[in-house]
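Undergrad: To start, I am sharing the structure in question, which I have written as structure tokens.
The values are calculated or read from the model by the stated rules, or taken from the named source; none is laboratory data. Everything numeric here is computed off the predicted structure, so don't read it as measured data. Counting neighbours? That spans all protein chains shown, and the Cβs are built from the backbone with ideal geometry, glycine included. The accessibility values were calculated without ligands, DNA or RNA, using every heavy atom of the protein model including side chains. Shrake-Rupley method; radii C 1.70, N 1.55, O 1.52, S 1.80 Å.
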Amino acid sequence: MMPKRIFLLLFFLGILALAQAQQTQMLNVGGHSLEMIQAGTGDYTIIFESGFGSDCKVWGNVASEVMQTNQVLLYSRAGTGKSEPNPQPQTLEAAVQDLSNLIKRANLKPPFILVGHSYGAFIIRAYAAQHPKQVKGLVFVDPAHEKMMLELKKVNPAKAVRDIELQNSFVPDEFKQENELINQIFEAGTLPEFGELPQVPAVVLTSVQQRAKPELFLHEPEGVAVWRNLHAEFFSQFTNGAHIVTTASGHNIHRQEPELVIQAINQVVQAAKKEKGRQEHEVKVKALEAAFAQAAAYLKQQKEQKAEDVVFDALKVSGFDERTINTMAYQQLSNPATIDMSLLLFKYNTVTYAASANAFDSYGEALMQQGKLKQAAQQFNKAIELATAAHDDAMLETSKSNLEKLSQLEKSK
């Protein structure tokens, strides 16, 4: 375990780095103002949601690292830190509305990665369900679960009730009303209907730390098992991500093992980028398919130049590289119905990548397969010329071998 003195020093340095990045701002969200910190640059904005009664400073160690490669937004909910209390009851719905208003007033642009600790997990779940197109990843840090008390009562009703009473006794007066509203969620075992969570990359971090003298039933082995099982059940709805269990820290994983949260955020960001790339690829492929269909119609009408123009323009717009187009061309070549289309793709590569021996060799193979031997020979000879100049022995050998095959075909006729 990290010595307390070192932990406090790192926490202070994390807050200092954030403070130096940008001063705390106060932003009115409708009837009250919230303190917020924005820092960093990057494609994604990481929005941190603290646990019950905690202000934004608890994320210092995590955010100071994450902001090196991403934008970050930290804020204190109504009544915490420097934020003003909400003049209306601070329900879960009100907290979600505050977050939504803050994002709008701060002029934040998606995509967002939401990070929520404990009760903060309820808030990011609600926001993500209401704004599925904005949210591209979720990180849950030992998240609260609405069924927690119901499940604990199934195991030991008396101890579960004592947990509620003991936790209520810890709550400062200024948070008692909000705490009572949260207790109503646990009593019902369900959240308000916010909608379905988006299917995005997600990481759930779960503390199963063993305590020598557990104060709460939740921290006894039976309670920890309930906690872990609820987290596993919750994570099962996601198809991309990880459920990470730690024994090295308690409920405040982000303060005791900030590196775990940092790694989780980085994992989700990378997965979100990969998913974005996949979606962009699908859009490009669909656009190409439409262009190929149009070109095929032109070919049937014997309008070869129009077909070539359509295909060439579409390939240029797609931004696909030589290798990708070459692979697509061979796929088209394997289908008798799209052979003519494959020749246009191969030809495009020879025009666009005029210094590539492989482009000419591939085009030659396609022409040879179609019995266009003279044109194929021209492509192989060009490939040999380019491979020789580039000292590409492997390509040179391949093109010479293809030229020899072509010669054998000519002799057999």
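Undergrad: In the stretch 120-142, what residues are within 16 Å of the chain's Cα centre (by Cα) and in a loop (DSSP other than H, G, I, E, B)?
TA: If the condition is that a residue be within 16 Å of the chain's Cα centre (by Cα) and in a loop (DSSP other than H, G, I, E, B), then His131, Pro132, Lys133, Gln134 are the ones that fit.
Undergrad: Give the number of residues within the stretch 143-171 that are more than 17 Å from Ile182 (Cα to Cα) and assigned to a loop (DSSP other than H, G, I, E, B).
TA: The number of residues fulfilling the criteria is 1.
Undergrad: Of the numbered conditions (1) hydrophobic (A, V, I, L, M, F, W, C); (2) at pLDDT below 95; (3) surrounded by 18 or more Cβ atoms within 10 Å (Cβ to Cβ), Ala17 fails exactly one; give the number of that condition.
TA: It fails just one condition, (3).
Undergrad: State which residue is most open to solvent (accessible area, probe 1.4 Å) when the search covers only the stretch 49-98 and only residues that are in a loop (DSSP other than H, G, I, E, B) and among the hydrophobic types (A, V, I, L, M, F, W, C). Give the steps one after another, and end with the answer.
TA: Step one: filter the stretch 49-98 for residues in a loop (DSSP other than H, G, I, E, B), giving 50-55, 67-70, 76-91.
Filter once more, keeping what is among the hydrophobic types (A, V, I, L, M, F, W, C): 52, 67, 78.
Values: Phe52: 61, Met67: 24, Ala78: 8 Å².
The residue in question is Phe52.
Undergrad: Another question, if that's okay. For the subset of the stretch 363-410 comprising residues that are acidic (Asp, Glu) and open to solvent by 70 Å² or more (accessible area, probe 1.4 Å), which member is modelled with the lowest pLDDT?
TA: Glu410
Undergrad: Just a yes or no: is a residue in the stretch 108-119 farther than 24 Å from Glu275 by Cβ and in a loop (DSSP other than H, G, I, E, B)?
TA: yes
Undergrad: Output the residue which, of all residues in the stretch 201-222 that are under 26 Å from the mean Cα position of the chain (by Cα) and not in a loop (DSSP other than H, G, I, E, B), is nearest to Phe170 (Cα to Cα).
TA: Ranking the candidates gives Ser207 first.
Undergrad: While we're here: List every residue pair whose Cβ atoms lie under 6 Å apart, where the two residues are 6 or more positions apart in sequence or sit on different chains, the first residue falls within the stretch 121-141 and is closer than 18 Å to Gly277 by Cα, and the second residue, located anywhere, is open to solvent by less than 10 Å² (accessible area, probe 1.4 Å) and in a helix (DSSP H, G or I).
TA: These pairs meet every condition: Val135/Ala128; Lys136/Ala272; Gly137/Val268; Gly137/Ala272.
Undergrad: Let me ask you something else. Given the criteria within 14 Å of the chain's Cα centre (by Cα) and surrounded by 18 or more Cβ atoms within 10 Å (Cβ to Cβ), does Ala242 qualify?
TA: So Ala242 fails the test.
Undergrad: Hey, does the stretch 291-304 have a residue that's of a type in the set (Lys, Arg), within 19 Å of Glu49 (Cβ to Cβ) and surrounded by 12 or more Cβ atoms within 10 Å (Cβ to Cβ)?
TA: Looking for residues that are of a type in the set (Lys, Arg), within 19 Å of Glu49 (Cβ to Cβ) and surrounded by 12 or more Cβ atoms within 10 Å (Cβ to Cβ), one finds none in the stretch 291-304, hence no.
Undergrad: A follow-up question, please. What are the pairs with Cβ atoms under 6 angstrom where one residue, in the stretch 184-195, is touching a residue at least 40 places away in the same chain (Cβ under 8 Å) and the other, located anywhere, is open to solvent by less than 60 Å² (accessible area, probe 1.4 Å)? Sequence gap at least six, or different chains.
TA: Every condition considered, the pairs that remain are Ile185/Glu146; Phe186/Met149; Gly189/Glu146; Thr190/Glu146; Leu191/Glu146; Phe194/Ala126; Phe194/Ala129; Gly195/Ala129.
Undergrad: A further question on this structure: Go through Leu73, Leu102 for me and flag whichever is of a type outside the set (Val, Ile, Thr) and in contact with a Ser or Thr (Cβ under 9 Å, 6 or more places away or on another chain).
TA: Answer to the check: Leu73.
Undergrad: Quick check, is Gln177 open to solvent by 20 Å² or more (accessible area, probe 1.4 Å) and under 23 Å from Arg77 (Cβ atoms)? Can you show your working first?
TA: Details: open to solvent by 20 Å² or more (accessible area, probe 1.4 Å): yes; under 23 Å from Arg77 (Cβ atoms): yes.
The answer is yes for Gln177.
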